[in-house]
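Here's the structure, in structure tokens; my notes come after.
The values are calculated or read from the model by the stated rules, or taken from the named source; none is laboratory data. Values in this document were obtained by computation on a predicted structure and should not be read as measured data. Here the Cβ positions follow ideal geometry from the backbone for every residue, glycine too, while neighbour counts run over all protein chains shown. These area figures cover heavy atoms from the full protein model, side chains too; ligands, DNA and RNA do not enter into them. Shrake-Rupley method; radii C 1.70, N 1.55, O 1.52, S 1.80 Å.
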Amino acid sequence: MTRHRVAIVMGSDSDWPVMQQCYQQLTRFAVSAHVEVMSAHRSPQRVHEFASTAEANGIEVIIAGAGMSAALAGTIAAVTPLPVIGVPLANGMLDGLDALLSTAQMPPGVPVAAMGPGSAGARNAALLAVQILAATDEQLARAFREYKSKQASEVAAKNQSLQERLEL
Ligand code: RP5
């Protein structure tokens with residue numbers, strides 16, 4: 001059986017199109033993830049069961065995406081000692097601001113690493129999870145350094161192309 005180092009959980013299957021980008025980003029680093037729909041409001045027993053057994057099940061980082069009154073990340077963080085990364089999703093009429101505040105405004109003592117809303121946040125959640133794992137995984141640390149270096153090269157190439165267009 002594959003050992004999942006990361007869990008990606010989300011409040012609804014309607015969150016998957018965005019959270020899938022988180023999954024894909026992890027896959028690029030060959031980090032395997034358990035994926036599950038669970039809801040702090042609609043299936044609270046399952047959330048508690050998951051949060052209280054995640055560490056014993058070998059999970060090292062939890063990523064929780066939810067929209068509207070997004071309680072999922074905070075509810076999980078209240079129970080587990082594992083680091084929890086929250087991704088606010090833009091599913092309500094406030095376009096993610098509701099979920100952003102719900103995810104970020106944790107009381108002192110129960111941290112959630114709140115990302116920005118939407119796909120940027122979903123992808124950054126995966127990258128932050130990789131960085132956390134890389135603290136004790138030299139192979140992953142090397143892969144992350146290569147990723148950063150490639151990203152910087154891409155920006156330099158874009159700048160070069162812009163400069164050439166300006167000179168025309
Ligand atoms: C939240 O409510 C979910 O995370 C989702 O973003 C939002 C709407 O859920 P559905 O009505 O689409 O199931 O709990």
Next on the checklist: If I ignore ligands, DNA and RNA and count only protein heavy atoms, how much of His41 is accessible to a 1.4 Å probe, in Å² to the nearest 10?
Outcome noted: 120
Checklist entry - If you plug each phi of the stretch 153-166 into the Karplus form 6.51 cos²θ - 1.76 cosθ + 1.60 with θ = phi - 60°, what whole-Hz ³J(HN,Hα) values come out, in order, with x for Gly and Pro? => result 5, 5, 5, 4, 5, 5, 5, 4, 5, 5, 4, 5, 5, 5
Checklist entry - In whole Å, how far is the Cα centre of the stretch 1-54 from that of the stretch 68-127? => result 13
Checklist entry - Taking a probe of 1.4 angstrom, what is the accessible area of Thr27 in Å², to the nearest 10? => result 80
Checklist entry - Nearest 10 degrees, 0 to 90: what angle lies between the long axis of helix 16-28 and the longest principal axis of the chain (Cα atoms)? => result 60
Next on the checklist: For a quick size check, give me the Cα extents of the chain along its three principal axes, largest first, whole Å.
Outcome noted: 62, 41, 31
Item to check | Kirkwood-type radius of the stretch 1-99, with distances r between different C-alpha atoms, in Å | outcome: 13.4
Item to check | Heavy atoms of Val79 accessible to a 1.4 Å probe, total area in Å² rounded to 10 | outcome: 60
Checklist entry - Longest segment of the chain with no trypsin sites (Lys or Arg not before Pro) in a DSSP loop having at most 15 other Cβ atoms within 10 Å? => result 43-168
Checklist entry - Relative to the longest principal Cα axis of the chain, at what angle does helix 119-134 sit, 0 to 90 degrees, rounded to 10? => result 80
Checklist outcome for this item: Checking the stretch 85-168 for GluC sites (Glu not before Pro) in a loop per DSSP with at most 12 other beta-carbon atoms within 10 Å yields Glu167
Next on the checklist: Pairs of alpha-carbon atoms within less than 8 angstrom and 6+ residues apart define the contacts here; what relative contact order does the chain have, in percent?
Outcome noted: 21
Checklist outcome for this item: The long-range amide H neighbours of Gly65, using H built 1.01 Å from N in the peptide plane and a cut-off of under 5 Å, are Val9, Met10, Gly11, Val87
